[in-house]
Amino acid sequence: MALEIHQFPCLSDNFGVLIHDTERGVTASIDAPEAEAVRRALSEKGWRLSYILTTHHHADHTDGNLALKAETGCVIIGPKGEAAKIPGIDTPVGDGDAFRLGSFQVQVLDTPGHTLGHISYYIPQAGVAFVGDTMFALGCGRVIEGTMEMMWSSLAKLIALPPATKIYCGHEYTLANAKFSLTIEPENAALVARAAEVEQLRAQGKATVPTTIGEELATSPFVRVASAAIRKRLGLEGATDAAVFAEVRARKNKA
Ligand code: ZN
Ligand code: FE
């Protein structure tokens, strides 16, 4: 049983991702930032689209929905909490729901904050999660519709997944995130090493995603809210995890 994952750039800094069950020949697109890039990726791989798995309603994640659905007859699965805003949605899902994609079980996690209905898709058998704009490599999405507490709960849910879990996110923002992260925890050697690696990858035009939960826990100030060094730097020694997260996110907004 194998899940092949094909990631490709879309728009200015989005990722498109196709996942394919090689045994059953079932293919899903994680979001659909633009129809043409997804179409091209499908034809390169010789795959037929069965599903679109939408993480949230923003146009840079849903613009391709209607065209791809018209061309392929694919079924669009998306967040129950904002179903009215998802073009072409067939199957609204929410926290605790699970469905089959070929031989794989896909679990739905509510991860609100960036938008109120945002969901993530976790495939335990493949050790992979697709988190949209909730978590980025060395970062997280802007808290646009929800509250800081809500976003922190969503991130806390993701970092509770097994450390080896591969994380695919919606955008290539890692270089800017790395530079910001170094201002929050400059003494973190793992972060310093990762920032150098990210710089090298980007200079070569290579993607820095996927990341893993373990790697984020070692390097990202957005989830390292328990770190004594970070708390000391922010002057938040006795604060709650959510409050430390909120301060990191607020500083990133101003960076
Ligand atoms: Zn978004
Ligand atoms: Fe986005």
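Can you name every residue in the stretch 135-149 that is in contact (Cβ under 8 Å) with a residue 40 or more places away in the chain and closer than 20 Å to T54 by Cα?
M135, F136, A137, C140, R142, V143
Scan the stretch 163-185 residue by residue and report those that are β-branched (V, I, T) and within 16 Å of ligand 2 (Cβ to nearest atom).
Going residue by residue through the stretch 163-185, those that are β-branched (V, I, T) are 165, 167, 174, 183-184.
If the condition is that a residue be β-branched (V, I, T) and within 16 Å of ligand 2 (Cβ to nearest atom), then I167, T174 are the ones that fit.
Name the single residue, out of those in the stretch 235-254 being free of Cβ contacts under 8 Å to residues at least 12 places away in the same chain and open to solvent by 50 Å² or more (accessible area, probe 1.4 Å), that is nearest to the chain's Cα centre (by Cα).
K254
L155 fails exactly one of the following numbered conditions: (1) more than 14 Å from V225 (Cα to Cα); (2) among the hydrophobic types (A, V, I, L, M, F, W, C); (3) open to solvent by less than 70 Å² (accessible area, probe 1.4 Å). What is the number of that condition?
Every listed condition holds for L155 apart from (1).
So in the stretch 117-152, with the set limited to residues that are assigned to a helix (DSSP H, G or I) and under 23 Å from I86 (Cα atoms), which one is least open to solvent (accessible area, probe 1.4 Å)? Reasoning before the result, please.
Step one: of the stretch 117-152, the residues assigned to a helix (DSSP H, G or I) are 124-126, 148-152.
Next, from what is left, pick out any that are under 23 Å from I86 (Cα atoms): 150-151.
On the way: M150: 61, M151: 0 Å².
Only one residue tops the list, namely M151.
Of the residues that sit in the stretch 33-73 and are assigned to a loop (DSSP other than H, G, I, E, B) and within 15 Å of F15 (Cβ to Cβ), which one is nearest to ligand 2 (Cβ to nearest atom)?
Filtering the stretch 33-73 for residues assigned to a loop (DSSP other than H, G, I, E, B) gives 33-34, 46-48, 54-58, 63-64, 73.
From the residues that got through so far, the ones that are within 15 Å of F15 (Cβ to Cβ) too are 33-34, 54-56, 58, 63-64.
Numbers: P33: 8, E34: 12, T54: 12, T55: 9, H56: 8, H58: 5, D63: 11, G64: 13 Å.
Applying the filter and picking the extreme gives H58.
What is the one condition in (1) more than 14 Å from ligand 2 (Cβ to nearest atom); (2) surrounded by 21 or more Cβ atoms within 10 Å (Cβ to Cβ); (3) within 22 Å of A126 (Cβ to Cβ) that I89 does not satisfy?
Among (1) more than 14 Å from ligand 2 (Cβ to nearest atom); (2) surrounded by 21 or more Cβ atoms within 10 Å (Cβ to Cβ); (3) within 22 Å of A126 (Cβ to Cβ), I89 violates only (3).
Can you tell me which residues in the stretch 74-116 are among the charged types (D, E, K, R) and either more than 14 Å from the chain's Cα centre (by Cα) or assigned to a loop (DSSP other than H, G, I, E, B) (or both)? Write out each step before concluding.
Here is the first cut: in the stretch 74-116, the ones among the charged types (D, E, K, R) are 80, 82, 85, 90, 95, 97, 100, 110.
Correct list: K80, E82, K85, D90, D95, D97, R100.
The values are calculated or read from the model by the stated rules, or taken from the named source; none is laboratory data. It should be emphasised that the depicted structure is a prediction, and the values quoted were computed from it without experimental measurement. As a convention, Cβ positions derive from the backbone with ideal geometry for all residues, glycine included, and neighbour counts pool all protein chains shown. Keep in mind that these areas ignore ligands, DNA and RNA; they rest on the heavy atoms of the full protein, side chains included. Shrake-Rupley method; radii C 1.70, N 1.55, O 1.52, S 1.80 Å.
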